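K.L.:
I am attaching a structure below and will ask some questions about it afterwards.
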Amino acid sequence: MAEGQEREEAQHLAGSSSLSVRWVQGFPKQNVQFVNNETICYPSGNYIIFINIETKEKTLLQCVSGIVGVMATNIPYEVVAFSDRRLNPLIYIYDFPGLTQRITLKGNVLLDYTLLTFSYCGTYLASYSSLPEFELALWNWESQIILCKQSQPGVDVSQMTFNPMNWHQLCLSSSTTVTVWTIEKSNQEHYLTAKSVKLPTEDGSLLNETDIIFSNSKLKDSIYGPVFPVSAIAGLVGEEAETFRPKDDLHSLLHPTMHCWTPTSELYVGCEESHLLRINGDTLKVTVLNKTEEPAPLEDKRNLIRPITLAYQKEGIFASGTDGFVYSFIIKDASYKVQDFIELEEPVEHLVFSPNYKMLLLQTEKGSIHTYTFDKQPRFNKVLTACDGNFQALDFITPGNKHFMSTVLACSPSSLSAAVGTVGGAVCFLDVSNAKSPQEVHRAFLSEASVQDVVYDQRGMYLFVGTAEGHIFLINAKPSSSFQILGFTEVEKGISQISTVSLLETDIVEVMVLIPLLEVGKSRLEMFTLPSILPQVAATFADERGRLKDQIIHKFLYEIEHVLSSAVLDFQSNRILGFCSHVPYICSYLLPEKEHTGICVLKPFQKLQSRHYGHGKIYLSSHGLWLLTTAKDGILYIRDAHTLETLVWCQSHSYQTQGIQSLKISLDGQDILVNGKNDGTLVCLKWKYVLYTASQTQLPSIDSSQEELDSAQDMKKISWIQAKSQEAIKKEVKQFSTKRKEIKKAIKALAKTVQNMMEENETVAFIAKLEESEFSLDLEELERLHDESEEEVAKIRNDTEMDNLAKRYLAELIKEECWNSMAVKGRSLKCFHIPYMVENFPMKERTAEELKELESVLQQKKTEAECLKLRKEIVEAQPAVSLGKKHQEEDDEEDKENMIAKDTNLPNYLLGSLSTDFGVDTSFLSSQLELHSREDKVNQIILLKDIIYKVKTIFNNEFNAAYKQKEFEIARVREKNVRIQEIILDLELEEKVWQPEFEECEKPERTLVVEDHEITASKYVKPWKKAKGELIMTPKLERWFAFQSSDVRQRALMDMMGGVLEVKKEDILKMAVPQPTFMAKPDALWSEEEKKQFKDYEKKVKELNEERDKYRKSLEAEMKKLQSIIQESTQSFDEYLKRLFGKRVNAEMVVNQEELKINNLLFSLLLDEEINSRELCLNNYLARKQGKKIQTAAAIQNAKEDLDTYKEYYDNLVAEDKVLDRSFKKEFSELPIQQVDVLYKLFKRRPRIPKQKTHQDTASVVPFGERLGTDRLNKGASAQFMKAMDELDNINNMPEGLDVMVWEHFCATRRAKVENEQKVKQKAAGLMEMLAFLRKRIEDDEKVQKNIEKVFHELIVLQEEKVEFQLNLTIQILLKQGQVELENFQLTLDYSDAILINKNIIEDLNSVIRTQGQKKVSSMVESKNVHKGIYQMEWEHKKMEMEMEDLNQKAWDIQMLFFSRDRQKFLNEPHYETLIAIQIGIMEQTIAVLDKTHKKNVEHCKKLLKKLGRFSNHKDVANYTLSCNLQEELVAVSERRDICNAIGSKLTCEKIAKERYDDMMQQQKLTSISKQQTEQILILQAEVERLRMRTFPALVPM
């Protein structure tokens, strides 16, 4: 659709000559190229710009189909090739300097070409396309045909060049690869073959990569089997196996940036890592050139040079780096020396020599072009100065057609000044009287928002500036007013366009502002009016802050119900023209004549399809008669502003670069400036319109104060709008000064009060102290700080919650995986007194799938065991020779069964583990010497896992029993410790009671529960809960205190008897005999009575002490007894746990042994998979190589056929040449011999063509020689040769005495001979190419054949390794420990050729040999008896043959007998008599029923006969009456017959015919009925015959 539109528009443009391209300005974004020695060219937008370097003259070539894609030049033929960018792009080739289209090339590319390049000589063009093809194509551009092409999907290429010395080589490079393509030619066929260059690593070292498919190493491990390539280990079997590299083997390679060819067909490649490579074009050998370092100055930091582009010269190469320097690399052998050549201000992206190598062109990063001329005095010139980025805005300088460019600008129609908007919100006014060097004369800082639009009215009275905040500033445009700012008005944000109408006939300026409302899908239009006298009365139009009053400027709001991308106001101010965004229409809206308030909705008055697509803009010419529209399609339409009819259009830019960004038209309408959006191209269009003349245009007058422009003023620090606000504030301050003073006094008093409060706050306690921010009186600031703190707290709380949630989730996962999923939790047991610890086996529950697999394996093993037992019974069973041997054989079988039963339980050293010690059944395990197949190994692994599970289960059961025992022991110790603790308290000892407890490792579930004592932080209690708890606790405490104060009895008991009513035996240690009171007196003062009391006291004390000693000793004995009991019980448990520890070690050993066997089996399975993968990979590789072999063989066959055909044609030409040579004398045989000899010498003579001498200076500078096209060179040489032949054929060279006719005949013969020789030379050259092509194909075929042979060899070796791997099994043998080794033993230590055989195999073999010997003896005895009975058996055989004949005859007779169904049943039925009795009983019952039914039928028939008799009598009476009536009717009928006969016979004939017809129809009906009955009879007969044959079948004779 787009292409059809472009073709239609191109045809329209070709037919319209009123709008043409005047000039194009653009900067190169692609590489600049030479067309000849003086002219360069580069694409820009839709154009190719040619620049003459000497005269700076520009020539344009436009691409009619859109933007120019890639470009290439051919210097010998002086042509330019470029592609367009569209679906199915084309390649155009134009001649230079005529710029006429020569050829159009059309390929199969879908989207775009990325590279084009011509060969150094010849008519060859190479192209490379982007996705989806990524196709390299070789063209013969003169013949417009593709010679060959090759696709490489997904490969991007950055540079493509031909070898200047050999067009058969083509180099393609990208940032990761360098590929050299070879173009092979055979007759008229061309072929492309690619070879990739193996790049070094980033440090410059070369990689020695091993072949992945063919294993070069002979590594072989006698234990772990053969060593395979990593592709087989990875399981790769397809084409990816050839290129697979493990991660550790991947190295970062160099990244090429640019390459160039040398005259020796070598490549120089520059890399990002500052390395320079030299690549041999034939062998592709890479050499890393070494840089010869020189001492550099300290300030020079250019240690590493990263070449961006390269250009070859005779002494080396020129290279440019990222630092703006161009270096000269002087290369010698494998090293190079760097010299500074030239320095530029910016990096150089492209270097290219002119065809004569006298000039070097340098293209910078921004697009500037410089030339360096090599001469006696080198010259450095600047051809083009480019700026960074694209053109943003432009305008014409009034009056005239000069233009000016910037970001946001507008040129004043009334003065030679321009206004430029900045991002900082300022407007700069420039003096453009000298367009080449504008000067800033004034700067106005409007606001801090960026300037979005700058617009002058048509007369240049006002300047309107729109900002991002929605402010439109009004500035006096006259320089004499120093660009006074008159005011501003506010509109909605997002100003899209400002349109003005200012005519000479009126004194007002109407302004319209467009604001799209994208959120609601509408557009807002705001219009206001400004008088021309506004500068004189600006103060009345604006308030104190500079805002224009809406009532005075008559501001109105309009709304459109769809989005407009652009809108303008026509010069009659009654209509708005808008460009719709979402639909391709230009709409016209009529403005209401009456004034309104609020928002007025406008409806479209007129609609016109814009023929654009995408967002666009519309502009009005200076006189308002033309409407110019542009959009993203890059087409400019000029329409009549009233009728909206298209006057002319032109496609100056392309939709691929987002079309046109801005447009300006000059006041006279002759020039139109069109600026592209993304192509960086500025196009000037020239339009000659007859109706628009200078007399019809009234140009605005130039302000006379132009000379008053001063130099730029200093920019103010604050914007104009801020300055206005400050002035207004000052006025308000002055107006309300008294009120302001009162407020200040109140604020000071309040501040003093707050200060006192802050001082008081410093003296209070810390808990009551307030923060300084709480004394702030700024409520808004307090609220803001509070909100910020709340937000920060919420953020921290949210982050903490999320972090805790993540940790809880992780903990839950760990718990689920390591604890909850365990059927048996991991725990340990410690001894009481010994540092032993026993751990159980943590175990997961077996899944249903595992149990199902185990069940199937066990069932399979049982089935195999039963089958093996039956097979052995069948094989070992011997025919019974005699009854006497029967018992002996039974005994032997019993012995063998016992042996088999014993063999099922293999010894531990063959079983490979001690699993039988745990009572695990290992009878289902296969012998380690029989595990050959994959299925057996998998089943063995499943059974071994089951054994491990059982061993762990058995040990865990014992562990659980020990765990329960320890729990019991701890409980018993705790129980006894209670009594021990009482004794210790009674004895007042300082001993500590030993109380064993479970540790964390013994009860790991305790780690998952957090106890209250583990929490160090205080628990947070909510205030309401705290208050509730206090309310509850207060009455409880009161009641307890009341109880304590009133309990007198309890206090008395505590004081008198220690709180008990009865003294226990345990309290004897606490008892004391009270001392008498007189003991306080001296002994001399005691009385007799007191002495007696003292003796009694001593006696009581002694008795109490004796009782205490007895009780103390009993308590100590009891405590020792309890401690000894605890010691014995715990020691016995420790002994048990020691034994359990040994079992744990043995169980772990068994588990490790079984796991070792599993690992060996898994390794064998893995090795088996690697062997299978390796075998499949080699088979696939062999299949691919065999397919390639078929292709190479077919290519050789085709090449031989073409060579034979071509050689036959060549031999014919050579034979014709010889025939012409031999027949010369025959043709001139009539002439004398002397003349014939002279003519023959002239016949053999050939003209000498002088070789073209190259200029000495050119030959010394140009490294590749002159650029001459091969075809052009051949044509030139042929023309020179024919010209020389014409000179030889001149009559002046005719020998004397020779006739003119003969000379002419001689010249014709010689010319034919010369032409034939030229053909022979050409065909000989073609024959050499075909022979070289055939040799190349044969070499390729031989390489493929060698690869196939290598693959076969690899397969054979692999098969041998596979067989060896399947036979050599890895078995696990248990060896007894502690055996004494022999000294000076003489044993064989080399077991490389030994075979491990089971002892049972030898024993079985010996038993079989003995059995077979006994069988042989018995068979010899039997053979004697057999010979004796041979004759008797022969007689019996003859007798049996005769009997057999008799029996056969009888059988035949029996078969021929009639055999009814009853007889068959009699013979076949085993209980025939019972069956007959049953049938007889059934028949008797049937007869009885039939008899009873018959009697009922007879009685019914009798009744019916009686009834029919009566009915017959009635019928007889009726018949008699009818007979009487019949007689009368017969008489009447006879009378009527007579009457009818009398009437005539006509009716009779008709009656007869009708009767005959009825008879015929009846006959036909009867005939059809008879046929149907006949068919039914035949069917019934066949059914009867079938039933008869079924009842009486025929017996076939034997």
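The values are calculated or read from the model by the stated rules, or taken from the named source; none is laboratory data. Keep in mind that this is a model prediction, so the values were computed, not measured. Ideal geometry is used to build each Cβ from the backbone, glycine not excepted, and the neighbour counts take in all protein chains shown. SASA here: full protein model, heavy atoms, side chains in, ligands and nucleic acids out. Shrake-Rupley method; radii C 1.70, N 1.55, O 1.52, S 1.80 Å.
K.L.:
Identify the single condition in (1) in contact (Cβ under 8 Å) with a residue 24 or more places away in the chain; (2) out of contact with any Gly (no Cβ under 7 Å at 6 or more places or on another chain); (3) surrounded by fewer than 20 Cβ atoms within 10 Å (Cβ to Cβ) that LEU486 does not satisfy, given that it satisfies every other one.
P.N.:
For LEU486, the exception is condition (3).
K.L.:
Right, another one. Looking at the stretch 362-389 only, could you name the residues that are within 43 Å of the chain's Cα centre (by Cα) and open to solvent by less than 30 Å² (accessible area, probe 1.4 Å)?
P.N.:
Let us first name the residues in the stretch 362-389 that are within 43 Å of the chain's Cα centre (by Cα), namely 362-369, 386-389.
Scanning the stretch 362-389 gives LEU362, GLN363, THR364, GLY367, SER368, ILE369, ALA386.
K.L.:
A further question follows. Pairs please, first residue from the stretch 914-942 and open to solvent by less than 50 Å² (accessible area, probe 1.4 Å), second anywhere and charged (D, E, K, R) and part of a helix (DSSP H, G or I), Cβ atoms under 6 Å, 6+ apart in sequence or on different chains.
P.N.:
Pairs that qualify, where the first residue is open to solvent by less than 50 Å² (accessible area, probe 1.4 Å) and the partner is charged (D, E, K, R) and part of a helix (DSSP H, G or I), are VAL920/LYS950; SER926/ASP936; LEU931/LYS937; ILE942/GLU853.
K.L.:
On to the next question. Only one of these is under 20 Å from LEU206 (Cα atoms) and either touching a Leu at 6+ places or on another chain (Cβ under 6 Å) or surrounded by 17 or more Cβ atoms within 10 Å (Cβ to Cβ) (or both): VAL227, VAL237, VAL286. Name it. Break it down into steps so the answer makes sense when it comes.
P.N.:
Values: VAL227 fails: under 20 Å from LEU206 (Cα atoms); VAL237 fails: under 20 Å from LEU206 (Cα atoms).
Answer to the check: VAL286.
K.L.:
While we're on this one: Does the stretch 1118-1126 contain any residue that is modelled with pLDDT of 85 or more, farther than 30 Å from LYS992 by Cα and open to solvent by less than 50 Å² (accessible area, probe 1.4 Å)?
P.N.:
no
K.L.:
Let me ask something additional. Taking the stretch 1422-1432, which residues are part of a helix (DSSP H, G or I) and surrounded by 10 or more Cβ atoms within 10 Å (Cβ to Cβ)?
P.N.:
Once the filter is applied, which keeps residues that are part of a helix (DSSP H, G or I) and surrounded by 10 or more Cβ atoms within 10 Å (Cβ to Cβ), the stretch 1422-1432 yields GLU1422, VAL1426.
Yes/no per residue for (1) under 24 Å from LEU673 (Cα atoms); (2) assigned to a loop (DSSP other than H, G, I, E, B); (3) in contact with a Phe, Trp or Tyr (Cβ under 7 Å, 6 or more places away or on another chain); (4) modelled with pLDDT under 85:
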| residue | (1), (2), (3), (4) |
| --- | --- |
| LEU577 | yes, no, no, no |
| CYS587 | no, no, no, no |
| LYS594 | no, yes, no, yes |
| THR597 | no, yes, no, yes |
| CYS600 | no, no, yes, no |
| HIS612 | yes, yes, no, yes |
| HIS623 | yes, yes, no, yes |
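K.L.:
Next question. For residues that are under 29 Å from GLU440 (Cβ atoms), open to solvent by less than 40 Å² (accessible area, probe 1.4 Å) and either modelled with pLDDT of 65 or more or assigned to a loop (DSSP other than H, G, I, E, B) (or both), tally how many sit in the stretch 668-709.
P.N.:
The qualifying residues number 14.
K.L.:
Of the residues in the stretch 1403-1421, how many are within 30 Å of ILE1373 (Cα to Cα) and either in contact (Cβ under 8 Å) with a residue 60 or more places away in the chain or open to solvent by 80 Å² or more (accessible area, probe 1.4 Å) (or both)?
P.N.:
Total satisfying the criteria: 4.
K.L.:
If a residue has to be in a loop (DSSP other than H, G, I, E, B) and either among the aromatic types (Phe, Trp, Tyr) or open to solvent by 10 Å² or more (accessible area, probe 1.4 Å) (or both) to count, how many in the stretch 501-538 make the cut?
P.N.:
14
K.L.:
For SER368, are the conditions met, namely being at pLDDT 85 or above and touching a Lys or Arg at 6+ places or on another chain (Cβ under 8 Å)? If you could, list the steps in order and put the result at the bottom.
P.N.:
Values: at pLDDT 85 or above: yes; touching a Lys or Arg at 6+ places or on another chain (Cβ under 8 Å): yes.
Yes: the conditions hold for SER368.
K.L.:
For the stretch 161-192, enumerate the residues that are open to solvent by less than 50 Å² (accessible area, probe 1.4 Å) and without any contact (Cβ under 8 Å) to a residue 24 or more places away in the chain.
P.N.:
HIS168, THR179, THR182
K.L.:
With respect to GLU1103, determine if the residue is open to solvent by 100 Å² or more (accessible area, probe 1.4 Å) and at pLDDT 65 or above.
P.N.:
Working: open to solvent by 100 Å² or more (accessible area, probe 1.4 Å): no; at pLDDT 65 or above: yes.
No, not satisfied.
K.L.:
When you look at GLU1175, is it assigned to a helix (DSSP H, G or I) and under 15 Å from VAL227 (Cα atoms), yes or no?
P.N.:
Considered against the rule, which asks whether it is assigned to a helix (DSSP H, G or I) and under 15 Å from VAL227 (Cα atoms), GLU1175 comes out as yes.
K.L.:
Restricted to the stretch 419-436, and to residues that are under 22 Å from GLY470 (Cβ atoms) and not hydrophobic (A, V, I, L, M, F, W, C), which residue is surrounded by the fewest Cβ atoms within 10 Å (Cβ to Cβ)?
P.N.:
Within the stretch 419-436, the match that is surrounded by the fewest Cβ atoms within 10 Å (Cβ to Cβ) is GLY424.
K.L.:
Does the stretch 1027-1047 hold any residues that are open to solvent by 100 Å² or more (accessible area, probe 1.4 Å) and modelled with pLDDT of 80 or more, and which are they?
P.N.:
Correct list: LYS1028, GLU1030, LEU1031.
K.L.:
Restrict the check to the stretch 765-779 and report whether at least one residue is assigned to a helix (DSSP H, G or I), touching a residue at least 24 places away in the same chain (Cβ under 8 Å), over 46 Å from the mean Cα position of the chain (by Cα) and closer than 30 Å to ARG545 by Cα.
P.N.:
No: the stretch 765-779 contains no residue that is assigned to a helix (DSSP H, G or I), touching a residue at least 24 places away in the same chain (Cβ under 8 Å), over 46 Å from the mean Cα position of the chain (by Cα) and closer than 30 Å to ARG545 by Cα.
K.L.:
Of the residues GLU1011, GLU999, GLU982, which is open to solvent by 60 Å² or more (accessible area, probe 1.4 Å), farther than 30 Å from LYS1121 by Cβ and either touching a helix residue (DSSP H, G or I) at 6+ places or on another chain (Cβ under 7 Å) or of a type outside the set (A, V, I, L, M, F, W, C) (or both)?
P.N.:
GLU1011
K.L.:
Only one residue in GLU1106, GLU1148, GLU1135, GLU1155 is farther than 30 Å from GLU189 by Cβ, out of contact with any Ser or Thr (no Cβ under 6 Å at 6 or more places or on another chain) and in contact (Cβ under 8 Å) with a residue 24 or more places away in the chain. Which one?
P.N.:
After ruling out the rest, the residue left standing is GLU1155.
K.L.:
Moving to a separate point now. Could you tell me which of the residues GLU759, GLU732, GLU817 is at pLDDT 80 or above and more than 30 Å from GLU1002 (Cα to Cα)? Talk me through it step by step, then tell me what you get.
P.N.:
On the way: GLU732 fails: at pLDDT 80 or above; GLU817 fails: more than 30 Å from GLU1002 (Cα to Cα).
Just one listed residue meets the conditions, GLU759.
K.L.:
A further question follows. Within the stretch 792-844, can you find the residues that are over 30 Å from ILE947 (Cβ atoms) and surrounded by 15 or more Cβ atoms within 10 Å (Cβ to Cβ)?
P.N.:
Passing the criteria: only PHE832.
Yes or no, residue by residue, for (1) open to solvent by less than 90 Å² (accessible area, probe 1.4 Å); (2) modelled with pLDDT of 85 or more; (3) of a type outside the set (A, V, I, L, M); (4) not in a helix (DSSP H, G or I):
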position: GLU1529; (1), (2), (3), (4): no, yes, yes, no
position: ARG1537; (1), (2), (3), (4): no, no, yes, no
position: ALA1553; (1), (2), (3), (4): yes, no, no, no
position: GLN1576; (1), (2), (3), (4): no, yes, yes, no
position: ILE1579; (1), (2), (3), (4): no, yes, no, no
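K.L.:
Here's a follow-up. Check PHE96, PHE50 and return the single one that is closer than 20 Å to TRP23 by Cα and open to solvent by 20 Å² or more (accessible area, probe 1.4 Å).
P.N.:
Result: PHE96 is the single residue among PHE96, PHE50 that is closer than 20 Å to TRP23 by Cα and open to solvent by 20 Å² or more (accessible area, probe 1.4 Å).
K.L.:
Could you please find all residues in the stretch 627-654 being open to solvent by 10 Å² or more (accessible area, probe 1.4 Å), touching a Lys or Arg at 6+ places or on another chain (Cβ under 7 Å) and touching a residue at least 40 places away in the same chain (Cβ under 8 Å)?
P.N.:
Step one: filter the stretch 627-654 for residues open to solvent by 10 Å² or more (accessible area, probe 1.4 Å), giving 632, 640, 642-643, 645-647, 651.
Filter once more, keeping what is touching a Lys or Arg at 6+ places or on another chain (Cβ under 7 Å): 645-647.
Residue satisfying the conditions is LEU647 alone.
K.L.:
Looking at SER433, SER480, can you tell me which residue is at pLDDT below 85 and assigned to a loop (DSSP other than H, G, I, E, B)?
P.N.:
One residue alone meets the criteria, SER433.
K.L.:
Continuing with the same structure: Return the residues of the stretch 1355-1374 that are in contact with a helix residue (DSSP H, G or I) (Cβ under 9 Å, 6 or more places away or on another chain), in a loop (DSSP other than H, G, I, E, B) and closer than 14 Å to GLY225 by Cβ; say none if nothing qualifies. Let's see the steps before the verdict.
P.N.:
Initially, the stretch 1355-1374 is screened for residues in contact with a helix residue (DSSP H, G or I) (Cβ under 9 Å, 6 or more places away or on another chain), giving 1355, 1358-1359, 1361-1362, 1365-1366, 1369-1374.
From what is left, the residues that are in a loop (DSSP other than H, G, I, E, B) are 1369-1374.
Correct list: LEU1369, THR1370.
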